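Just passing along the structure, written as structure tokens.
The values are calculated or read from the model by the stated rules, or taken from the named source; none is laboratory data. Given the structure is predicted, the values throughout are model-derived calculations rather than measurements. Here the Cβ positions follow ideal geometry from the backbone for every residue, glycine too, while neighbour counts run over all protein chains shown. Quick note on the areas: whole protein, heavy atoms, side chains included, nothing else; ligands and nucleic acids left out. Shrake-Rupley method; radii C 1.70, N 1.55, O 1.52, S 1.80 Å.
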Amino acid sequence: TVKNKTGLNFRSVLVVRNSSNALQPSQLDYCWLDELRDSDETQLRFRSSNLEEMLANWSNSPLTSQKPTEQTGDKTVNVWIGGVLAEALRKTPIATGQVRMFGYIDEHPGHLTITPSQDQFDSQCVVVAQLVPSTLRVPIPDPVILSRPINSIAPENDPADDVPSELTPF
């Protein structure tokens, strides 16, 4: 379940989860949400797929398609963000257990001030949000390192000279 408490209305939302395990080493699942409005709460229903299936929903709109398309009389679409969304998905590493959300908003993000405002924010803002961080394994001490004796390192220069070196930095 995901609940939007941001005050922002997200559109063309793709939620991606890395559910890799020993049997499936690189398993990405996705859930498509057409919109996630402020205060909405929705159950995420993930399905397994490949990258092309994940990108397919974005291809249904001239704004979010992977390649710019000729717009036939649609004057509401004045920017193209599909390439940015697709590249964000391709280039953002998602570790095992992580869940990320990709989408866009039609308003300024929160209390962010963009200067200079001209040509910096046209009408849409791409959002990448981490919903669940990866689970880190319990650290296992390395017995080789633990068994080494700790020796002090002799300074390279005479400390009285007050000259910095690799072994005796400032």
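Would you pick out the residues in segment 10-24 that are within 13 Å of MET101 (Cα to Cα) and assigned to a loop (DSSP other than H, G, I, E, B)?
Those that are within 13 Å of MET101 (Cα to Cα) and assigned to a loop (DSSP other than H, G, I, E, B): none in segment 10-24.
Mind checking which pairs have a first residue in segment 124-144 that is at negative phi and a second that is open to solvent by 90 Å² or more (accessible area, probe 1.4 Å) and not aliphatic (A, V, I, L, M), Cβ under 9 Å, 6 or more apart or different chains?
Between residues of segment 124-144 that are at negative phi and residues that are open to solvent by 90 Å² or more (accessible area, probe 1.4 Å) and not aliphatic (A, V, I, L, M), the close pairs are CYS125/HIS108.
Further question: What residue, of LEU8, LEU33, LEU14, LEU23, is surrounded by fewer than 16 Cβ atoms within 10 Å (Cβ to Cβ) and of a type in the set (A, V, I, L, M)? Write out each step before concluding.
Values: LEU8 fails: surrounded by fewer than 16 Cβ atoms within 10 Å (Cβ to Cβ); LEU33 fails: surrounded by fewer than 16 Cβ atoms within 10 Å (Cβ to Cβ); LEU14 fails: surrounded by fewer than 16 Cβ atoms within 10 Å (Cβ to Cβ).
It is LEU23.
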